[in-house]
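Report on the structure given below.
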Amino acid sequence: MINISNWKDKIINGNVRVAIPIMTHPGIEMIGETIQNAVQHGEVHAKAIARLNEVFPVAATTVMMDLTLEAEAFGCKIEFPENDMPHIIGRLVNNTEEIENLKVPDLFAGRMQEYLKANRLTVLDTSDKPVFAGTIGPFSLAGRLYDISELMMACYTTPEATFCLLQKCTEFILNYCRELKTIGCSGVVIAEPAAGLLSNEDCEQFSSEYIKQIVDELQDETFLIILHNCGNKGHCTDAMLYTGANAYHFGNAIDMVETLEKCPADKLVMGNVDPVGIIKLRSAGEVKAYVTDLLNKTSTFKNFVLSSGCDLPPHVPTENITAFFEALNEFNQLR
């Protein structure tokens, strides 16, 4: 088992910049599979990840961000397009009584076992680097169960019911993360984009307090919590730091240098190349130039890890991902 604390310290104390883009879709396309099969079958999912690990020099392997997985386990209806990510249909709970009666599912609900299988197979296939699983954050999950607009209002109109829902979401996510740790994952990326809609104070109260429960129980020398919030525009970074996670992943809405200046030097700070506007839609030369510029701007921050701002979407040109890593390689050669 990898000592993830030593791995983190080695990155911070080393002279080589590393990259951990969040990506699975390019691997699905490389093995000739559909998104529908990958999100429903752990073997397909794991093969896609293994293919990416063979082709690109990632510093850690990441499992897909599927923000419908946990909501489906609670009972949400899901649509599965062939070549797009699953979508939630409607809402699951509508009022305080339904929240109170909502049962926390076990890890056999929905597709949970398939995602555990994908992680387990990836761990077995990967011995030279960490495997980071993925899960949704408590506030983002609550927003999918209750409807995010309704949840935003409920934070002020029925806060006790909101706290009840958030605690149930946290209990389930914590159970999932415990199992991910047991099967050998080196950490988990907690995706909490909906919390970016909140003020810093509200983000701390309705999101960070719950993520902190997960951090306090599970984060140790073998398991790293990476908090992702691509909805943060810089206004709730303090709330993210309050969780005590040892790594933070930011989207392209923030200024990376300003964010690095705010974050502790002993925490990994990851980001934040726009996965659509840059990596998917620009030419390979433009991607390389953008990444090079970002690396130069952040060169004095030893805790910076180059990454995409979020999960890479389907149909990203392979040459653009190659250009991303070429920029990194050339930057490291000049150090």
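The values are calculated or read from the model by the stated rules, or taken from the named source; none is laboratory data. Being a predicted model, the structure only gives us computed values, none of them experimental. No Cβ is skipped: glycine too gets one built from the backbone with ideal geometry, and neighbour counts run over all protein chains shown. The accessibility values were calculated without ligands, DNA or RNA, using every heavy atom of the protein model including side chains. Shrake-Rupley method; radii C 1.70, N 1.55, O 1.52, S 1.80 Å.
Output the residues belonging to segment 232-250 that are surrounded by fewer than 22 Cβ atoms within 10 Å (Cβ to Cβ) and either in a loop (DSSP other than H, G, I, E, B) or in contact with a Lys or Arg (Cβ under 6 Å, 6 or more places away or on another chain) (or both).
233, 234, 235, 237, 244, 246, listed by residue number.
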Return yes when residue 164 is hydrophobic (A, V, I, L, M, F, W, C), surrounded by fewer than 18 Cβ atoms within 10 Å (Cβ to Cβ), touching a residue at least 12 places away in the same chain (Cβ under 8 Å) and assigned to a helix (DSSP H, G or I) and no when it is not. yes
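Those residues that are β-branched (Val, Ile, Thr) and farther than 17 Å from residue 209 by Cβ, I need them from segment 149-166; list them, please.
157, 158 - these are the residues of segment 149-166 that are β-branched (Val, Ile, Thr) and farther than 17 Å from residue 209 by Cβ.
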Among the residues that make up segment 265-287, is at least one of them farther than 24 Å from residue 25 by Cβ, part of a helix (DSSP H, G or I), open to solvent by less than 80 Å² (accessible area, probe 1.4 Å) and aliphatic (A, V, I, L, M)? no
Would you be able to say whether some residue in segment 176-191 is of a type in the set (Asp, Glu), in a helix (DSSP H, G or I) and under 18 Å from the mean Cα position of the chain (by Cα)? yes
Note on residue 130: of the conditions (1) crowded, with 20+ Cβ neighbours inside 10 Å; (2) within 16 Å of residue 41 (Cα to Cα); (3) in contact with a strand residue (DSSP E or B) (Cβ under 7 Å, 6 or more places away or on another chain), unmet is (2)
Quick one: would you say residue 228 is farther than 15 Å from residue 143 by Cβ, open to solvent by 10 Å² or more (accessible area, probe 1.4 Å) and at pLDDT 95 or above? no
So is residue 143 out of contact with any strand residue (DSSP E or B) (no Cβ under 6 Å at 6 or more places or on another chain) and small (Gly, Ala, Ser) or not? yes
Where residues in segment 209-245 are under 14 Å from the mean Cα position of the chain (by Cα) and of a type outside the set (A, V, I, L, M), which of them is farthest from residue 199 (Cα to Cα)? 228
Condition (residue is assigned to a helix (DSSP H, G or I), modelled with pLDDT of 95 or more and surrounded by fewer than 24 Cβ atoms within 10 Å (Cβ to Cβ)) applied to segment 105-112: is it met by at least one residue? yes
Does segment 150-159 include one or more residues that are at pLDDT 95 or above, open to solvent by less than 60 Å² (accessible area, probe 1.4 Å), under 24 Å from residue 248 (Cβ atoms) and of a type in the set (Ser, Thr, Tyr)? no
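Would you please name the residue that is surrounded by the most Cβ atoms within 10 Å (Cβ to Cβ), looking only at residues in segment 58-103 that are polar (S, T, N, Q) and in contact with a strand residue (DSSP E or B) (Cβ under 7 Å, 6 or more places away or on another chain)? Lay out the reasoning, then the answer.
Step one: list which residues in segment 58-103 are polar (S, T, N, Q), which gives 61-62, 68, 83, 94-96, 101.
If we keep only those that are in contact with a strand residue (DSSP E or B) (Cβ under 7 Å, 6 or more places away or on another chain) too, we end up with 61-62, 68.
Working: 61: 24, 62: 27, 68: 21.
Filtering first and then ranking leaves 62.
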Meets criteria (in contact with a Ser or Thr (Cβ under 9 Å, 6 or more places away or on another chain), surrounded by fewer than 16 Cβ atoms within 10 Å (Cβ to Cβ) and without any contact (Cβ under 8 Å) to a residue 60 or more places away in the chain) for residue 319: yes
Out of the residues in segment 254-264 that are touching a Gly at 6+ places or on another chain (Cβ under 9 Å) and surrounded by fewer than 18 Cβ atoms within 10 Å (Cβ to Cβ), which is farthest from residue 293 (Cα to Cα)? 262
Report, by residue number, each residue of segment 12-36 that is open to solvent by 20 Å² or more (accessible area, probe 1.4 Å), part of a helix (DSSP H, G or I) and closer than 26 Å to residue 230 by Cβ. 12, 29, 30, 36
